[in-house]
Amino acid sequence: MGGKSAICSLALALTLALGVGNVAAQKDEPIKIGAFFALSGPAASIGTPTKLVAQMVVDKINKTGGINGRPVELIIGDTEGDPTKALMVAKRLVEKDQVVALIGPTRTGTGMAVKPYIEDKAHIPVMMTVGGDPVIAGDKFGPYRWTFKTPQRTSTAARKVYEYLQSQKLQQVAVLTASDAFGKDGLVWLEQLAPEYGVEIVARESFAPNDADMTTQLAKIRDTKAQALICWTIGPAGAKVARNVKQLGLSIPLIQCHGQPDPKYIELAGEAAEGSIMPATKLMVYDQLADSDPQKAVIQDFVDLYKNVYHFDEQYPINTHSGYAWDAVYLLANAMRQVGPDAEPLRDTIEQMQGYVGVSGIYNLTPEDHNGLDTDSLVMVKIQEGKWVMLK
């Protein structure tokens, strides 16, 4: 009997030792998060700094103890801005690298290419950094149970523009939109929300994002009774519109969308940028915020790291997109601190996240709203003497 007892005691001791060893090993094992952005191709100027910010946040988290003692490891993938490539990269990150969550991609089209895989097979949270609404729109765009996004919805930006027009008593507008998915999404919401704000769209014109000149469309708008011009595009096309507006002597206010607050816009548009109005994240005018604004301290922390520690601004000046990856990583990290990295509880916790104060706004997510930002996350800004000025 004594021999059997000793053997049982030894087995129990070994089992306990192995168990403690497994816990210790798991404690040291990094939490893998996939980050896939357009690091090459036409959207690289947005995707590359987004990756840099994501890594900056991960470094910050790891320097303060990681997530419940475990370090975070960011595994990077390049979508090249291509939907097919984006899907391939997402599958590699999930199936080979076994990441517990994803951040990215950069453009709405690549996001939509990846979404069915996430929803139907991967079943891990993805925090998208894309501008368009379809990724979390539901209905004909498919379920979004696992899909979240940190940039403001197109509809939120459209509402902010209309709130401004309402405050200025401007009711008749012309709309000039890009023919790509982003521009079409903007047109849908501008048309749908106009009656709610007493706005009448008196002209609708469009252009291809790579068009060199939009004077034909703008000449048609000049001949209408429009009191303001709303342009919905991202990238250099917005600056082309501004230059064409100046060339034609159009005197009505030019209101760009939330994708244009970027030093590049001022650089490309030159003197024609003067007077342009647009919705922006508070990041663009953080030094003009009241000290009582809860976002101000968070944004100052972000700016200090971005400019003074990492010096990213030397190649990629801060723009309204810059904080999206910061918020994506922190929403994931905050949820993991509560429930760990297992997919289902992590998804549930993100979906119920309330009051997260980020760079791009204060997030309050719900099962119906996988973005969690309202119009108060945006401010209207105007370019005056080459600088961003917050409109009161």
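Values in this text are rule-based calculations from the coordinates and carry no lab data. Just so it is clear, the model here is predicted, and its values are computed rather than measured. Virtual Cβ from ideal backbone geometry, glycine too; neighbours counted across all protein chains shown.
Find how many whole Å separate the alpha carbon centroid of region 338-392 from the alpha carbon centroid of region 48-62.
That distance is 18 Å.
Pick from Asp185, Asp28, Asp59: which is most flexible by mean-square fluctuation in a GNM of the chain where alpha carbon atoms under 10 Å apart are linked?
Sorting by GNM fluctuation, first place goes to Asp28.
Kyte-Doolittle cut-off -1.0, length cut-off 27 Å along the helix's own axis using Cα: show which whole DSSP H helices in the chain pass. Write out the running numbers ahead of the final one.
Numbers: long enough: 2-28 (39 Å, 0.85); 44-63 (28 Å, 0.23).
Once both thresholds are applied, what remains is 2-28, 44-63.
Could you work out the relative contact order of region 155-257? I mean the mean sequence separation of Cα pairs under 8 Å and 6+ apart, divided by the number of residues, in percent.
Numbers: 163 pairs, mean separation 33.4, N = 103.
Over region 155-257, the number comes to 32 percent.
Using C-alpha positions alone, give me the convex hull volume of region 233-338 per residue in cubic angstrom.
Details: hull volume 13.4 nm³, N = 106.
Taking the convex hull of the Cα positions in region 233-338, it is 127 Å³ per residue.
Using alpha carbons only, how many angstrom separate the centre of region 113-143 from the centre of region 237-283?
31
Measure off 7 Å from each Cα along the Cα-to-Cβ vector at Asp139 and Tyr197, then give the distance between these two points in nanometres to one decimal.
Rounded to a tenth, the inter-label distance reads 1.9 nm.
Given the rule -39500 (n - 2.57) for each run of at least 4 DSSP H residues, summed and divided by the residues of the chain, what is its mean residue ellipticity at 222 nm, to the nearest 500 deg cm²/dmol? Please report the intermediate quantities before stating the final value.
Numbers: 12 runs with 155 residues, N = 392.
Calculated from helices alone, the mean residue ellipticity at 222 nm is -12500 deg cm²/dmol.
Which of the chymotrypsin sites (Phe, Trp or Tyr not before Pro) across region 189-226 are loop residues per DSSP, with 16 or fewer other Cβ within 10 Å? List each step's numbers first, then the result.
Values: sites: Trp189, Tyr197, Phe207; in loops: none.
In loop regions of region 189-226 (DSSP not H, G, I, E or B), there are no sparsely surrounded chymotrypsin sites (Phe, Trp or Tyr not before Pro).
Taking semi-axes √(5λ) of the Cα gyration tensor in Å as the quantity of interest, determine which of [x] 34, 22, 21; [y] 45, 21, 18; [z] 40, 26, 23 was computed from the displayed structure.
For semi-axes √(5λ) of the Cα gyration tensor in Å, the calculated option is [y].
Check cross-link reach from Lys160 to the lysines: straight Cα distance under 23 Å, and skip same-chain residues fewer than eight apart.
Lys149, Lys169, Lys184, Lys225, Lys264, Lys282, Lys296, Lys382, Lys387, Lys392
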